[in-house]
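The values are calculated or read from the model by the stated rules, or taken from the named source; none is laboratory data. Keep in mind that this is a model prediction, so the values were computed, not measured. Here the Cβ positions follow ideal geometry from the backbone for every residue, glycine too, while neighbour counts run over all protein chains shown.
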Amino acid sequence: MTKTESFAVERSFPRQRLDTFLRERFAGVSRGAIQRLLEGGCILVDGRIVKPTHVPKAGETISVRWPDAQPAAAQPESTALDILFEDGDLLVINKPPGMVVHPAPGHSGGTLVNALLGHCAGQLSGIGGVARPGIVHRLDKDTSGCVVVAKNDQTHLALSAQFARRETQKFYEAIVCGAPARSRGEIVASIARHPTQRQRMAVATTGGRSARTEYRILQRLPHAALLELRLHTGRTHQIRVHLEHLGCPVVGDNVYGLRSNKRLRELTGFIAPRQLLHAARLTLFHPRARRQLTFTAPRPEDFAVALKRLALQSG
């Protein structure tokens, strides 16, 4: 069923485009999807069609008509899922390392979306579009752990708003090369697209989007450490970029820590199977049950094995 919602812009954003503004408000919807809704006249400002470059102004009323879900392009697959929680509104999965979240060139099958289509049999929100039904947020292919999925549009919108308002609590664990100088601290550094390597993100000296990550050392290892990290913002590759900036990149991350990982291999002989980053805990507010829920994903086997191997190395 088509759903329309309206809201007033509380303050002006003189340097922000409308599509970017809406992307931050609806964290579970891609910028491309928002632009298609704008182009299709599904998003109106004070009752009129505007361009994605429109600058939101205080007092304007924005209405969004979410179209009915279209048949998914991805095909259902019978794939076993590690389900941490499920009810009629949402599903929380412990995503294994190596699984892509949604189909993309080179990954038309074997994704989390394929598995969800098989498991949920038509009970997924269509707001994410045909390529990623029900997906409210995502993890990198090689990052394991908690992923929440919406089964209906109402839940999708409510969860997206929680992520956008930073009301969820997201805790990760990472094994890193070396160790921070302090046992706990925070990294506050804006992130933007790398100026020359467009597939990478980087800490921005000027501009960029604000980003904040808290960390604490859980275990010191010879030449490495186990960290707990709390994400206060949700920028692309945030933890990996921030840890590289701190001088302690994730073990196995050959994009943001190639030199440090090479040095770790020389010192220990350990070769990581992937980037050792795990979304360990997620706290959110269930929109229908109206209570806070916390989900914990056990460490995958390769992560646990890496901890043991690195702990046995001589200092």
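Of all residue pairs spaced 6 or more apart or on separate chains, none has beta-carbon atoms under 8 Å together with a first member in the stretch 157-181 that is without any contact (Cβ under 8 Å) to a residue 24 or more places away in the chain and on the phi < 0 side of the Ramachandran plot and a second member that is assigned to a strand (DSSP E or B) and surrounded by fewer than 23 Cβ atoms within 10 Å (Cβ to Cβ). The residues on offer are G247, G257, and the sole one that is crowded, with 22+ Cβ neighbours inside 10 Å, in the same structural domain as I187 (by TED's automatic domain parsing) and more than 20 Å from C146 (Cβ to Cβ) is G257.
If I filter the stretch 121-133 for residues that are of a type in the set (S, T, Y), surrounded by 15 or more Cβ atoms within 10 Å (Cβ to Cβ) and at negative phi, do I get at least one hit? Checking the stretch 121-133: at least one residue is of a type in the set (S, T, Y), surrounded by 15 or more Cβ atoms within 10 Å (Cβ to Cβ) and at negative phi.
Evaluating V241 against the criteria (1) within 19 Å of the chain's Cα centre (by Cα); (2) under 30 Å from A121 (Cβ atoms) leaves one unmet condition, (2). For the stretch 179-189, give me each residue that is in a loop (DSSP other than H, G, I, E, B) and in contact with a strand residue (DSSP E or B) (Cβ under 7 Å, 6 or more places away or on another chain). Across the stretch 179-189, the qualifying residues are A179, P180, S183, A189. Exactly one residue among T143, T168 is modelled with pLDDT of 95 or more, farther than 14 Å from I93 by Cα and among the hydroxyl-bearing types (S, T, Y), and that residue is T168. Strands (runs of 3 or more DSSP E) fully within the stretch 1-101 that include at least 1 residues being among the hydroxyl-bearing types (S, T, Y): 3-8, 61-66. Can you pull out the residues in the stretch 182-211 that are closer than 12 Å to H242 by Cβ and either touching a residue at least 24 places away in the same chain (Cβ under 8 Å) or assigned by TED's automatic domain parsing to the domain that holds T20 (or both)? Correct list: G185, E186, I187, V188, A189, I191, M201, A202, V203, A211. All conditions but one from (1) out of contact with any Ser or Thr (no Cβ under 7 Å at 6 or more places or on another chain); (2) in contact (Cβ under 8 Å) with a residue 24 or more places away in the chain apply to V29; the one that does not is (1). Of the residues contained in the stretch 212-219, one or more are found to be touching a residue at least 40 places away in the same chain (Cβ under 8 Å) and outside the structural domain of M99 (by TED's automatic domain parsing). Scanning the stretch 5-19 for residues that are modelled with pLDDT of 85 or more and of a type in the set (S, T, Y) returns a single hit, S6. With a requirement of 3 or more residues that are under 22 Å from A280 (Cα atoms) and modelled with pLDDT of 95 or more, the strands (runs of 3 or more DSSP E) lying completely within the stretch 190-262 that satisfy it span 212-221, 224-231.
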